[in-house]
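Have a look at the structure below, then the notes.
What follows draws every value from the coordinates through simple rules; no lab data is involved. Bear in mind that the values here come from a model prediction, so they are computed numbers and not experimental data. Please note: Cβ atoms are built from the backbone with ideal geometry, for glycine as well, and neighbour counts cover all protein chains shown.
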Amino acid sequence: MGDGTRDRTSSRRDCIRTIAAAGGAAALASCTPGTEGALGASDDQTPADMEARHFPEGYPPYPSAEATETAFSEHVSPGNVGVMQAFGTELHFGQREGARVQDAFTGKWYWDCHRNGTRHRNPDIIAAVKEALHQLEIGNLLLVSGYKAKAAEKLIASTDGALTGVTYTASGAESTEVAIRATRGMTRRTKLVSVEASYHGHTCFALAAGDSADNHERYLLDFDDFVFVPYDDVDAMAAAVDDQTAAVLIESSPAQAGFPVPDPGYFRAVMDTCRKHGAKLIIDEVQTGLGATGKFWFWQHHGIVPDIVTTAKGLGGGILANAAVLLAPEIKEWFFDTAIPHSSTFGGNELGCVATARVCDLTMAPSFLEHVNALAEQFAEGLRGGPYQVNQHGLCMGILAEEMGKMEMTARLFEAGIFTVPAWYTDGGVEFRPILTLTENEADEIIGIFRDTVG
Ligand SMILES: Cc1ncc(COP(=O)(O)O)c(C=O)c1O
């Protein structure tokens with residue numbers, strides 16, 4: 001671990017040396033025996049070689065945090081820079097391995113508790129993708145592809161065959177878009193009921209279905225027939241869903257609300273309400289899917305079978321983009337009954353599907369879910385009795401300390417070496433999503449830092 005002193009004047013050469021010292025290239029090479037020359041470079045190249053060959057500006061491409069933020073502000077998004085400053089989490093990913101990420105300029109390592117995939121730079125996924133790179137790239141969106149079919153078979157197996165169709169997309173937002181479009185088309189209805197504090201992505205239907213008045217106003221997405229009810233409120237749901245309702249869309253547990261834990265009968269009651277009115281049930285598993293809650297899918301804890309499940313984030317193993325919509329037989333039959341139900345250049349790209357197939361294999365191994373459940377128990381034990389509330393679904397946790405407040409907690413944790421973000425719709429909550437492959441010692445270290453920092 002670094003000492004955390006921020007030195008914005010570190011040169012990029014220093015940074016490359018840091019990466020080299022951390023064994024970056026060796027780590028890269030060690031997971032891919034026998035692929036020398038496949039990518040036009042040998043696998044034992046150093047980061048400096050990589051710099052010379054592929055990225056003349058170097059890794060990272062700007063010499064300091066300030067230069068990076070200035071360029072990013074100018075050309076990408078000044079808003080993001082402001083948000084990270086407000087959170088007190090100005091982290092510039094440099095080297096990243098397993099459960100930790102290193103700031104590219106200070107050299108300080110952080111435990112990543114705002115994970116995307118299972119872990120960082122999963123060697124299994126890297127090896128699968130590097131092997132595939134001998135032959136594959138993105139493919140062609142119109143062509144029939146065995147790689148897409150094979151990954152789809154594995155996704156269907158993860159549902160024990162309850163959902164039988166897969167439509168690929170390139171993001172969680174695009175998955176939401178497809179899910180809403182399919183239910184509108186099939187039911188010939190336009191009303192959508194979703195839950196407060198939920199987020200489904202930044203495309204039009206997805207933003208309209210997410211709880212963000214600012215975005216609705218900014219982009220004219222305040223649709224009359226997109227209705228919000230409180231999460232875990234069976235009566236409110238029953239009152240909102242009617243014979244005009246195309247679908248109920250639920251973020252399985254809204255992250256921005258601090259991952260609340262619903263009543264055990266909630267999802268069953270919502271499914272019954274949907275069935276009664278002929279509305280479809282869409283579960284957004286972008287955060288909770290792929291083993292994060294101790295089963296492959298969150299809904300498998302709740303004795304229901306949704307009509308549609310959306311998934312993204314870790315589906316490409318944290319290495320490549322890929323996302324998907326899983327469809328139950330009835331809606332699959334309707335949605336697939338047209339020449340091109342959905343089309344997406346990057347959705348279902350062949351390299352992404354290789355990664356997805358490997359993600360499914362790794363997640364379905366019983367030892368993997370056992371490990372997630374053991375870690376979940378370790379966090380439950382380790383965090384017990386503190387001056388905060390822990391909402392927990394396996395390794396998707398919301399930790400709420402109202403007295404300290406969400407911004408203060410986020411900033412203090414960051415200072416102490418844990419990267420996470422505020423749970424936006426809580427007064428005092430952070431989203432706490434550690435890496436799924438932590439060792440017992442690593443989990444202990446994170447718990448120790450958390451307790452020293454928050455109580
Ligand atoms: C629950 C949920 N749904 C959808 C999305 C959108 O996914 P993407 O950023 O891939 O569009 C996110 C992203 O954070 C999410 O957390």
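Let me spell out the model: positive unit charges on the Cβ of Lys and Arg, negative unit charges on the Cβ of Asp and Glu, origin at the Cα centre of the stretch 279-361. What dipole size does that give, in debye rounded to 20?
Values: 5 positive and 8 negative charges, 50 e Å.
Here the stretch 279-361 has a charge dipole of around 240 debye.
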Folded to 0 to 90 degrees: helix 266-277 orientation relative to the chain principal axis, Cα: 40 degrees
Exposure proxy order (Cβ contacts within 10 Å, fewest to most) of Tyr147, Tyr199: Tyr147, Tyr199
Residue exposure sequence - Met364, Met237 - by fewest surrounding Cβ within 10 Å: Met364, Met237
Distance (nanometres) between label positions extended 7 Å along Cα→Cβ at Phe223 and Glu403: 4.5 nm
Residues Trp424, Trp299, sorted so that the one with the fewest Cβ neighbours within 10 Å comes first: Trp424, Trp299
Cα centre as origin, Lys/Arg/Asp/Glu Cβ charges: the stretch 317-455 dipole, Debye: 220 debye
Cα gyration tensor category, rounded, prolate or oblate, for the stretch 234-359 with a/c compared to 1.5: oblate
Three-way shape label, the stretch 84-232, alpha-carbon gyration tensor, a/c 1.5: oblate
Whether the stretch 206-246 is rounded, prolate or oblate, judged on the alpha carbon gyration tensor where a/c under 1.5 counts as rounded: oblate
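With a 10 Å radius around each residue's Cβ, average the other Cβ atoms per peptide and rank 131-137, 349-355, highest first. Walk me through the intermediate numbers first.
Values: 131-137: 13.6, 349-355: 26.0.
Going from most to least packed, we get 349-355, 131-137.
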Relative contact order of the stretch 126-364, pairs being alpha-carbon contacts under 8 Å that are 6 or more residues apart, as %: 31 percent
Within the stretch 248-304, trypsin sites (Lys or Arg not before Pro) in DSSP loop having at most 12 other beta-carbon neighbours inside 10 Å: none
Listed residue (His75, Met407, Ser253) projecting farthest to the positive dipole end of the chain, Cβ model: His75
Descending semi-axes in Å of the stretch 105-193, equivalent ellipsoid built from Cα gyration tensor: 31, 22, 14
Share antiparallel - DSSP beta bridges, the chain, percent rounded to 5: 60 percent
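Per DSSP H run of at least 4 residues, take -39500 (n - 2.57); add these up for the chain, divide by its residues and hand me the 222 nm value, nearest 500 deg cm²/dmol. Walk me through the numbers on the way to the answer.
Working: 17 runs with 182 residues, N = 455.
About -12000 deg cm²/dmol.
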Residue pairs, from the table Lys280/Lys406; Lys191/Lys313; Lys108/Lys150; Lys108/Lys154; Lys150/Lys280; Lys295/Lys332, whose Cα atoms sit over 29 Å apart: Lys280/Lys406; Lys108/Lys150; Lys108/Lys154
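Which value, in debye to the nearest 20, gives the size of the charge dipole of the chain about its Cα centre, when Lys and Arg are +1 and Asp and Glu are -1 at the Cβ? Please report the intermediate quantities before stating the final value.
Numbers: 35 positive and 60 negative charges, 170 e Å.
My answer is approximately 820 debye.
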Interchain or long-range residues, amide H under 5 Å from Thr190's placed H: Ala246
